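Worksheet: the structure to be examined is printed underneath.
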Amino acid sequence: MEKDAPYRILEDREVFANNPDLLINTPSRKDGIDEATETALRIYGCELIQEAGILLRMHQTAMATGQILFHRFYFRCSFRKCDARVVAKAALLMASKVEEQPRQAPDILSVFHAAGLARKGARPEPLEFGTPRYLQ
């Protein structure tokens, strides 16, 4: 694309190099979440996406795209307003479509459910459609 074009796509490094405040003044920080907690939540969300992507046998590019979408979302919205687990599910669903590794939403929900139970040390149980747990 020409440099003289009125519109050009900015890469992340250009955006953040020109606006270092974007990294410091995130919506989460404005809502009172400290840097360590925000970093921990970002890592947690990326781990969820990675784990679910592996269980769904997705390519690494799709998982990385999901993690990028996850991070970009939280440069616009606060962790206090949007649950990281919900955003991670949505990011992986979107990434599966973008990277042509399509997965059905019920499959993604089931994998996140099973992974969540395994993290708690509980025995994974099937997530049945229409149950209250499915609707959460």
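Among the residues making up segment 95-110, those that are open to solvent by 40 Å² or more (accessible area, probe 1.4 Å) and touching a residue at least 24 places away in the same chain (Cβ under 8 Å) are VAL98, GLU99, ARG103, ASP107, LEU109. Do we find that LEU92 is closer than 14 Å to ALA62 by Cβ and either surrounded by 15 or more Cβ atoms within 10 Å (Cβ to Cβ) or touching a residue at least 24 places away in the same chain (Cβ under 8 Å) (or both) in this structure? Spelling it out, LEU92 is indeed closer than 14 Å to ALA62 by Cβ and either surrounded by 15 or more Cβ atoms within 10 Å (Cβ to Cβ) or touching a residue at least 24 places away in the same chain (Cβ under 8 Å) (or both).
Restricting attention to segment 57-72, the residues being farther than 20 Å from GLY116 by Cβ and surrounded by fewer than 18 Cβ atoms within 10 Å (Cβ to Cβ) number 7. Does any residue of segment 123-132 turn out to be in a helix (DSSP H, G or I), without any contact (Cβ under 8 Å) to a residue 40 or more places away in the chain and within 24 Å of PRO27 (Cβ to Cβ)? Within segment 123-132 (the criterion being in a helix (DSSP H, G or I), without any contact (Cβ under 8 Å) to a residue 40 or more places away in the chain and within 24 Å of PRO27 (Cβ to Cβ)), the answer is no, since none of the residues qualifies.
ALA95 meets the stated requirement of being assigned to a helix (DSSP H, G or I) and hydrophobic (A, V, I, L, M, F, W, C). Cβ separations smaller than 7 Å between residues 6+ apart or across chains give the following pairs from segment 60-73 residues that are within 13 Å of ALA90 (Cβ to Cβ) to residues that are outside any helix (DSSP H, G or I): THR65/GLU99.
So, in segment 62-89, of the ones that are touching a Phe, Trp or Tyr at 6+ places or on another chain (Cβ under 8 Å) and not in a loop (DSSP other than H, G, I, E, B), which residue ends up nearest to ARG29 (Cα to Cα)? Out of the qualifying residues, it is ALA84.
Considering every residue within segment 40-56, establish whether at least one is surrounded by 11 or more Cβ atoms within 10 Å (Cβ to Cβ), more than 21 Å from ILE108 (Cα to Cα) and either touching a His at 6+ places or on another chain (Cβ under 9 Å) or at pLDDT 90 or above (or both). Checked against the condition, which is being surrounded by 11 or more Cβ atoms within 10 Å (Cβ to Cβ), more than 21 Å from ILE108 (Cα to Cα) and either touching a His at 6+ places or on another chain (Cβ under 9 Å) or at pLDDT 90 or above (or both), segment 40-56 yields at least one hit.
The values are calculated or read from the model by the stated rules, or taken from the named source; none is laboratory data. Treat the numbers as computed from the prediction; the structure is a model and nothing was measured. So basically every Cβ, Gly included, is an ideal-geometry build from the backbone, and we count neighbours across all protein chains shown. These accessible areas exclude ligands, DNA and RNA; they are computed on the full protein's heavy atoms, side chains included. Shrake-Rupley method; radii C 1.70, N 1.55, O 1.52, S 1.80 Å.
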